[in-house]
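A short write-up of the structure that comes next.
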Amino acid sequence: MSHWLIYRTFWDLTVSGIVLGLIYALVALGYTMVYGVLRLINFAHSEIFMVGTFGVLISLTKVFGISLFDGGQYPYRSGFVLVAILVGSIVAAMVVSGAGAVVLERTAYRPLRGAGDTYGAVVLAFLTGLIASFLFSDDIMTNLAIAAVITGPVAFGYVRIFRRGRQAPRLAFLISAIGSSMAMAEAVATWGPDARSVYNTPRVLEKKVLFNFLGADIRIDYVIVAIGAVLMMTSLLLFVNRTRLGRGIRAVAQDAETARILGVNVNSVILVTFLLGGAMAGGAAMMFTLVYDQTRFNIGFLLGVKSFTAAVLGGIGNIKGALLGGIVLGLAENYGSSIFGGQWKDVIAFVVLLTVLMFRPTGILGESLGKARV
Amino acid sequence: MSLTKAFCQRTAPQLQLGNRFRALPRSAKWSLSALLIAAFYLTPYWPDVPVLGWIINTPGTSFENVLTDQIMMFILVALGLNVVVGFAGLLDLGYVGFYAVGAYTTAVVTSGQFTLPWIAALPLSVIMAMIAGVILGTPTLRLRGDYLAIVTLGFGEIIRITANNSDWLGGPRGISKIARPPSFGPLQFGVLNAKPYWYLGFTVILLIIFVLTRLENSRVGRAWAAVREDEDAAELMGVDTFKFKLWAFAIGAAIGGIAGSLYASKVGFINPDNFQLQLSILFLAAVVLGGTGSMYGVIMGGFLVAWIPERFRGFSTRRYFVFGVVLVLVMVFRPQGIIPRRGAAAGIAQKGESDV
Amino acid sequence: MSEILLSVDQVTMQFGGVTALDNVSLHINKGEILGLIGPNGAGKTTCFNVITGVYAPTSGTVTFDDKSLLGLKRFQITKRGIARTFQNIRLFPDMSAVENVMVGVDAHSKTSVVGAILGIPRSRREESESRERAHELLKFIGIDEYAEVAARNLPYGHQRRLEIARALGTNPKLLCLDEPAAGFNPAEKQELNELILSIRDQGYTVLLIEHDMNVVMKISDRIAVLDFGRKIAEGLPHEIRDNPDVIAAYLGVPDDAA
């Protein structure tokens, strides 16, 4: 009986699977590029995505002043205003995510490369002060005040410690990533107005069905996501393949030491890589809210693991692989959940990840990793 | 601040403490140990001691409940996770899965239609957790560090999602009326008095410390250390790395299962929300903060992670945020943790990856 | 007629487009010291890696003690009796010298995990025997006074020797040394020569990769020469030294600064 259902809804599932997959692909780009350049799984990239969704939320509700419901109805806009709002929200998301990625890199990863700088020291000092203040008070204003006072001298001390910088082992990077990820998600959960519940984002786009394709409704938001995602990925590919900075990224990804000797500013390259990955995630964030109209403090986690799966599936370090992996995963999830039931949807990604890592760790397009080197 | 600066210096006052202890004559070592063990058995009474009591008592909740619901569990889990992460150098992010398997096994066999006595539930939970460890480890231990971490994380989530989706595991509502340990003599395992749980739990902790110390000082501990420090070289020196890694997983899982089982019988009801991903990360924070690879270090870490949010109200709702940041700070400034493992300068495993 | 201990038969090793070893065949007799020389990149370490099981050869076989090594896991090969040192020192940095050697000795330990937990008599006995043997080896190598020092803190020369002690701990029949004299001064190289000769005199067979002709010529019984993955000569030291192909490929001048 389920076969009949699949047949009826096959194109529906395919279309929404591709759209979902494109969102995965955009986030996967961040994972794959950072891995290519640093050989690091940026575990906190999922929270970069999440932060982008809140960027969309804030830009829509606070900057554009749109409320969730306009007298009991969705606050649809149209024409030029709609375009302006959409563009504004994606720019906001990309800026927020990009900035978040840069802060993350300087704070949680750069010190571990022995290259810690003042910005990172200041952020870490502020966080140290904040946590220390919790010993004395649970009122957030007091906490912030104490933290602000402590930041100065502590940052000074941290900078001096950074001067003795040493490269930390791989595992340390991963642990730092996990810590950052949880800290970012929990910060939103603790201090966001709606805490751990779902935040609805205003629906400005009326999700009209544009046309019908073999039984599947093609909605306008799907089309926007598809076009937007393709545009973003194409620009990224052009950047990486045609520009000087892009060449630097590819050089560092292949051999960081040689690149450094040849004069490539490795720290800048890494920063730009994070920035680009963050921007892609920001784009994905806007598209996610466009389709699903909601976000949450932990929306990053699940999507992050799935996007990472997509990156590995396509071949980690391979940009085109991220696109392929994303689409394949999106489709697999949709088909799988219609066969096994919706509540198992999230398990599918984990199973795919495990299968790929065990039987073809190279991914579909990528290179082999993880071989013992003696 | 000088506090953080002191943390960052490569001082080893702790090691001196350990060395001085080791240098004592045998009788002195035994008496000192006996004294310490007795003092720790009496931990539920510490809030009544003048100065110590003020420092340690938890405002708002009864100290002995914090001790048995949280501190005890975190210490056990930290000891178990330390075997995997600290001894063998394997980053396991899904440890909460083993904890859950232990808890759910005890819950299911003591509250369902066919009920076993608690005394049978505990070993059964351990066995189930070990099986889970072997099932998880066998396909995944071939993977390198980063990938192993992600996959184990997936495992923890799969356990939680499965519990949530399965009616026979109670679904989202969970399982209640879980059996308590049988009361005998002066030890009454009731709702009001938490102390017997502590006596039981602390005894288990002592046993585990004993077993782990044995292991650490044997060829097994050496094999784990070799795998942690340079897995490829270890294998070429005759170490069956896969077997020992799997054993680390199994032993770590067993301890996690014990912790879960004790937790279930103490609180009496569990549901999938008790076993979220953040808990795995909190477990990791306990190990990392305390001192990866150092047993007494991770006990301290487990204690701190469980106790600080209860002692200082500023931490209680923000504990996940705090320990997330703590993980970063520890990695940046003092990766070896508060009490470093013996011989560790840098702390986390330095795996050789160069071409020979 | 000497018995053949190790036989490498027509081994080819390809990585993607690169052929690191091209139809290489050589053998080692029991109790001899075979020197393996060649210019950088000739494939010497790759050869080691194939023998010790790090790489599975693209084609060809490796036979040790009349049994094939193909398909065996690395630790199994070590248990069969092949041990090695590394071009870049791969000691266990935070473990003490004696612990490093004990890991090698543990290769033949019969204590199981359960046995260790229970503290059965065999486990205790093996533990003290292992420690004794490790100290013996450290004394033989000459660094027993540093037994409790962490490997990372040892002076360079001692680290190189510790690697040899650790390899000996696995009780090998064949000891493979990968550039053991790298970074040594002439006096240290002389000591190393004596050490390797006394290792051979104890009954071990030695396969030696080395760049320094002083070392290789003095102590090898026979020498094999690789160049661009192929074996271009094999024979007694004086034959190799006068071999025009070898001279052409590898202008090996005894260079004390090596």
Please specify each residue of segment B:225-239 satisfying the condition of being touching a residue at least 40 places away in the same chain (Cβ under 8 Å) and at the interface with chain C (Cβ under 7 Å from one of its Cβ atoms).
B:Ala225, B:Glu229, B:Asp230, B:Ala233
With the checklist (1) within 11 Å of another protein chain (Cβ to nearest Cβ); (2) in contact (Cβ under 8 Å) with a residue 60 or more places away in the chain; (3) in contact with a strand residue (DSSP E or B) (Cβ under 6 Å, 6 or more places away or on another chain) in hand, flag the one item C:Leu174 doesn't pass.
(1)
Suppose we filter segment B:145-186 for residues that are surrounded by 22 or more Cβ atoms within 10 Å (Cβ to Cβ) and not in a helix (DSSP H, G or I); how many remain?
2
Assigned to a strand (DSSP E or B), away from chain B (no Cβ under 11 Å) and closer than 25 Å to B:Asp230 by Cβ, is that true of C:Leu138?
no
Quick one: which helices (runs of 4 or more DSSP H) sit completely within segment B:271-332 and have at least 3 residues that are under 25 Å from B:Leu215 (Cβ atoms) and within 13 Å of another protein chain (Cβ to nearest Cβ)?
B:277-290
Tell me, please, whether a residue that is in contact (Cβ under 8 Å) with a residue 40 or more places away in the chain and within 8 Å of chain B (Cβ to nearest Cβ) can be found in segment C:51-63.
yes
Qualifying residues in segment A:163-182 (those that are without any contact (Cβ under 8 Å) to a residue 24 or more places away in the chain, under 19 Å from B:Ile150 (Cβ atoms) and assigned to a helix (DSSP H, G or I)) - the one farthest from the chain's Cα centre (by Cα):
A:Leu171
I'd like to check which strands (runs of 3 or more DSSP E) are fully inside segment C:164-258 and have at least 2 residues that are within 30 Å of C:Ala97 (Cα to Cα).
C:174-178, C:205-209
Specify the residue that is surrounded by the fewest Cβ atoms within 10 Å (Cβ to Cβ); the eligible residues are those in segment B:323-334 that are within 18 Å of A:Arg160 (Cβ to Cβ) and either within 20 Å of the chain's Cα centre (by Cα) or aliphatic (A, V, I, L, M) (or both).
B:Leu329
For the structure I just gave you, tell me whether A:Ala216 is modelled with pLDDT under 85 and surrounded by 17 or more Cβ atoms within 10 Å (Cβ to Cβ).
yes
Please specify each residue of segment B:209-220 satisfying the condition of being of a type outside the set (Asp, Glu) and within 11 Å of chain C (Cβ to nearest Cβ).
B:Phe210, B:Val211, B:Leu212, B:Thr213, B:Arg214, B:Leu215, B:Asn217, B:Ser218, B:Arg219, B:Val220
Check off (1) surrounded by fewer than 17 Cβ atoms within 10 Å (Cβ to Cβ); (2) at pLDDT below 90 for C:Leu197 and give me the number that stays unchecked.
(2)
Checked against (1) more than 16 Å from the chain's Cα centre (by Cα); (2) within 22 Å of B:Arg341 (Cα to Cα); (3) at the interface with chain C (Cβ under 10 Å from one of its Cβ atoms); (4) in contact (Cβ under 8 Å) with a residue 24 or more places away in the chain, B:Phe242 satisfies every condition except (2)
Condition broken by C:Glu191, with the remaining ones in (1) over 27 Å from C:Met13 (Cα atoms); (2) at pLDDT 90 or above; (3) buried (at least 18 other Cβ atoms within 10 Å of the Cβ) satisfied:
(3)
Of the conditions (1) within 11 Å of chain B (Cβ to nearest Cβ); (2) without any contact (Cβ under 8 Å) to a residue 60 or more places away in the chain, the single one that A:Asp194 does not satisfy is (1)
Take A:Val154 and tell me if it is at pLDDT 90 or above, in contact with a helix residue (DSSP H, G or I) (Cβ under 9 Å, 6 or more places away or on another chain), surrounded by 22 or more Cβ atoms within 10 Å (Cβ to Cβ) and farther than 30 Å from A:Met232 by Cα.
yes
Filter result (within 14 Å of C:Gly104 (Cβ to Cβ) and in contact (Cβ under 8 Å) with a residue 60 or more places away in the chain) within segment C:151-171
C:Ala151, C:Leu162, C:Glu163, C:Ile164, C:Ala165, C:Arg166, C:Ala167, C:Leu168, C:Gly169, C:Thr170, C:Asn171
Pairs under 8 Å by beta carbon, first residue within 12 Å of A:Gly321 (Cβ to Cβ) and within 13 Å of another protein chain (Cβ to nearest Cβ) in segment A:356-370, partner assigned to a loop (DSSP other than H, G, I, E, B) and modelled with pLDDT of 80 or more, six or more apart or different chains?
A:Val356/A:Gly363; A:Thr362/A:Gly315; A:Gly363/A:Gly315; A:Gly363/A:Ile316; A:Gly363/A:Asn318; A:Glu367/A:Gly315; A:Glu367/A:Gly317; A:Glu367/A:Asn318
Complete set of residues in segment A:135-159 that are in contact (Cβ under 8 Å) with a residue 12 or more places away in the chain, of a type in the set (Val, Ile, Thr) and more than 8 Å from every other protein chain (Cβ to nearest Cβ)
A:Ile140, A:Ile146, A:Val149, A:Thr151, A:Val159
In segment A:284-312, anything at the interface with another protein chain (Cβ under 10 Å from one of its Cβ atoms), touching a Lys or Arg at 6+ places or on another chain (Cβ under 9 Å) and crowded, with 24+ Cβ neighbours inside 10 Å is listed as none
So which residues in segment C:64-106 are under 12 Å from C:Ala151 (Cβ atoms), without any contact (Cβ under 8 Å) to a residue 60 or more places away in the chain and more than 8 Å from chain B (Cβ to nearest Cβ)?
C:Val98
Hey, can you tell me all the residues within segment C:40-76 that are surrounded by fewer than 16 Cβ atoms within 10 Å (Cβ to Cβ) and over 18 Å from B:Glu235 (Cβ atoms)?
C:Asn40, C:Gly41, C:Thr58, C:Ser59, C:Thr61, C:Asp66, C:Lys67, C:Ser68
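This table checks each residue for (1) within 7 Å of chain B (Cβ to nearest Cβ); (2) in contact with a His (Cβ under 9 Å, 6 or more places away or on another chain); (3) on the phi < 0 side of the Ramachandran plot; (4) part of a helix (DSSP H, G or I).
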{"position": "A:Glu105", "(1), (2), (3), (4)": "no, no, yes, yes"}
{"position": "A:Ala115", "(1), (2), (3), (4)": "no, no, yes, no"}
{"position": "A:Gly129", "(1), (2), (3), (4)": "no, no, yes, yes"}
{"position": "A:Ile161", "(1), (2), (3), (4)": "yes, no, yes, yes"}
Working only within segment B:122-144, note down all residues that are part of a helix (DSSP H, G or I), within 12 Å of another protein chain (Cβ to nearest Cβ) and surrounded by fewer than 19 Cβ atoms within 10 Å (Cβ to Cβ).
B:Ile135, B:Thr138, B:Pro139
C:Glu126 fails exactly one of (1) within 19 Å of C:Met95 (Cβ to Cβ); (2) within 13 Å of another protein chain (Cβ to nearest Cβ); (3) in contact with a strand residue (DSSP E or B) (Cβ under 8 Å, 6 or more places away or on another chain), namely (3)
Quickly run through segment A:131-144 and pick out the residues that are part of a helix (DSSP H, G or I) and more than 31 Å from the chain's Cα centre (by Cα).
A:Thr142
Test: A:Asn200 is at pLDDT below 90, closer than 30 Å to A:Trp11 by Cα, away from chain B (no Cβ under 14 Å) and loosely packed, with under 12 Cβ neighbours inside 10 Å:
no
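The values are calculated or read from the model by the stated rules, or taken from the named source; none is laboratory data. These numbers were taken from a predicted model, which means no experiment stands behind them. Here Cβ is always computed from backbone atoms with ideal geometry, including for glycine, and neighbour counts include all displayed protein chains.
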